[in-house]
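For reference, the structure discussed in these notes is given below.
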Amino acid sequence: MEATIFAVLVAAAMQSTYATTYIVGDSIGWIRPADSEFYYDWAYNKTFFVHDVLLFKFITGEDDVAEVTETVYDTCTTNDRIHHYEKSPVSITLKDPKDYYFLCTFSDHCAGGQKLHVQVLNSTANTDILGSVSTLVPTLYLVLFISIFLLLLF
Ligand SMILES: [Cu+2]
């Protein structure tokens, strides 16, 4: 029994080391924002790595998600899509270390700022200070879990 709990805790700790799920716009979700810079600001202080997940939450039929090229993102040419997702919620795993561009294809939503650009970094290349800190925190959790486990055992 303890071994099972331990395995689950370790799996949870390992998971947090390798992937983060971001709810796009946090509590605001994915809508035409009041402030056209809203999604730019939302992404600005975040560092995205390969395997992270973007979760777009919106009302199906009122908004949607299209993955597009940089040019389309800049110009809001909303009929030119790489991928198109219409049913909320939309979960997108950032599989490649590259720039991803998303927008909403409904009327003037993109022009109003309902668009998102994220730069995704290779998770094995996060050797900078920020990367070291973000992998250190889950490791501390893992050490904590192991300590609790050993306390329960003996
Ligand atoms: Cu929209």
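Values quoted throughout were computed directly from the atomic coordinates according to the rules given, and no laboratory measurement underlies them. Here the structure is a predicted model, which means the values were calculated and not measured. Note that each Cβ is placed from the backbone with ideal geometry, even for glycine, and that neighbours are counted across all protein chains shown.
So how far apart, in nm, are the two label points at residue 55 and residue 69 if each is 7 Å from Cα heading toward Cβ?
Using points 7 Å along Cα→Cβ, the separation is 3.3 nm.
Provide the gained length on full extension for the span residue 34 to residue 117, in nm with one decimal, where the gain is 0.36 nm per separating residue minus the Cα-Cα distance.
28.1 nm
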